[in-house]
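Below is one structure, written out as structure tokens; comments come after it.
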Amino acid sequence: MSGSLLSLLGGLLGATPAIVTPASDYSRPMQTGTMPVVIRESSGLAVSRRDPNILWTHNDSGGQSVLYAVDQYGRLLGTLRVNGIKNRDWEDLASFELDGRAWLLIAETGDNAGNRQNCALYIVPEPDPATLSADTELTVDVAWQIPVRYADGPRDCEAVAVDAQAGLVYLLAKRTRPHGLYTLPLRAPADGVVREAVAVAQFPNKFIPQPDENQAMLPIATGRYRAQPTGMDFSADRSTAVIVSYGDVLIFPRQGNEDWAAALLRPPVILAQHELVQAEGVAFAPDGRTIYVSSEDDDAPILRYAPAVSLP
């Protein structure tokens, strides 16, 4: 089904009622640009830790093993080919700093059929922004990889975030009810033993606005699947988490030094609906407040949520 038809259906069905009062601390999302034509399915999004004007993204399953650097206006700044791995189903992207260096984590964690045994997280160094060029492709090797195994069986996961200070990667399952929240060590195991992802919480379905009766009849992202989580990020200052679903953007402020599981088990603040055809990428800007959202679709918009006032 075409993106334009999906958009029309979404408009005809109307908005999903919110379960939490929308945040007055944020303005409505503003389109800052459109993804370049080479990016037809922006499935993950991360803001550079080396240049706040760079957004990193990638295509979904079957795309090239390439990360794309763009700015918020949709201008292609450069491409980074990752050697030695395939894009079987890349579903999210995270940026972080560790040991004084900037890194990008690629989440090869998509599993629509729930039967994959080869999901993994790939970590690559983020290149010097000065070396990026829209006309020249850079290449990079994987610095380390983390196999993804779940004790309770395979999971489809499109929402991944990194807490480098805690040394953990968080993974939020997409299709389960409730959505399992798991962690894995960020560093590669020194002994070579594959660690199973540890279940740390069951994320309540009620926290994400559900499709109404009319929407539930349509087997599309903005229909019956609109409550499925498709992206996640933690702010660089570790103060807030954000989750995007096919229908909404939700933020979860942390209190003190609590862990992320505790923060994610409180009712979220729900921002104004993004109204995208298939939203899958979400990322905090370096200020820890501004949020970018991307979508799978031709000529997909890049959205920015700007804070109207400082959050507590």
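The values are calculated or read from the model by the stated rules, or taken from the named source; none is laboratory data. Here the structure is a predicted model, which means the values were calculated and not measured. Neighbour counts run over all protein chains shown; Cβ positions are idealised from the backbone, glycine included. Side chains included, ligands, DNA and RNA excluded: accessible areas come from the protein's heavy atoms. Shrake-Rupley method; radii C 1.70, N 1.55, O 1.52, S 1.80 Å.
If only residues of the range 157-173 that are within 19 Å of the chain's Cα centre (by Cα) and open to solvent by 10 Å² or more (accessible area, probe 1.4 Å) are counted, the one that is nearest to Leu93 (Cα to Cα) is Val162.
For the range 201-208, the condition of being in contact (Cβ under 8 Å) with a residue 12 or more places away in the chain, part of a loop (DSSP other than H, G, I, E, B) and open to solvent by 10 Å² or more (accessible area, probe 1.4 Å) holds for at least one residue. Confirm whether Leu45 is modelled with pLDDT of 95 or more and in contact with a Gly (Cβ under 7 Å, 6 or more places away or on another chain). In short, yes. Residue pairs whose Cβ atoms lie under 8 Å apart, sitting 6 or more positions apart in sequence or on different chains, and linking a residue in the range 213-226 that is free of Cβ contacts under 8 Å to residues at least 24 places away in the same chain to a partner that is surrounded by fewer than 16 Cβ atoms within 10 Å (Cβ to Cβ) and small (Gly, Ala, Ser), are Arg224/Ala216. Within the range 122-139, being outside any helix (DSSP H, G or I) and over 22 Å from the mean Cα position of the chain (by Cα) holds for Asp128, Leu132, Ser133, Ala134, Asp135, Thr136, Glu137, Leu138, Thr139.
Return a yes/no flag: does the range 252-262 have any residue that is more than 16 Å from Asp163 (Cα to Cα), open to solvent by 20 Å² or more (accessible area, probe 1.4 Å) and in contact (Cβ under 8 Å) with a residue 40 or more places away in the chain. Working first, answer last.
First pass over the range 252-262, keeping only residues more than 16 Å from Asp163 (Cα to Cα): none.
No, the range 252-262 has no match at all.
Among the residues of the range 120-155, which ones are open to solvent by 70 Å² or more (accessible area, probe 1.4 Å), within 30 Å of Lys174 (Cα to Cα) and not polar (S, T, N, Q)? Within the range 120-155, Asp141, Arg149, Ala151, Asp152 qualify.
For the range 96-112, the set of residues classified as touching a residue at least 24 places away in the same chain (Cβ under 8 Å) and either more than 24 Å from Ala164 (Cβ to Cβ) or open to solvent by 10 Å² or more (accessible area, probe 1.4 Å) (or both) consists of Glu97, Leu98, Arg101, Ala102, Trp103, Asp111, Asn112, listed by residue number.
For the range 54-73, give me the residue count where each residue is small (Gly, Ala, Ser) and open to solvent by less than 10 Å² (accessible area, probe 1.4 Å).
So in the range 54-73, the residues small (Gly, Ala, Ser) come out as 61-63, 65, 69.
Now narrow it down to the ones that are open to solvent by less than 10 Å² (accessible area, probe 1.4 Å): 69.
Here the count works out to 1.
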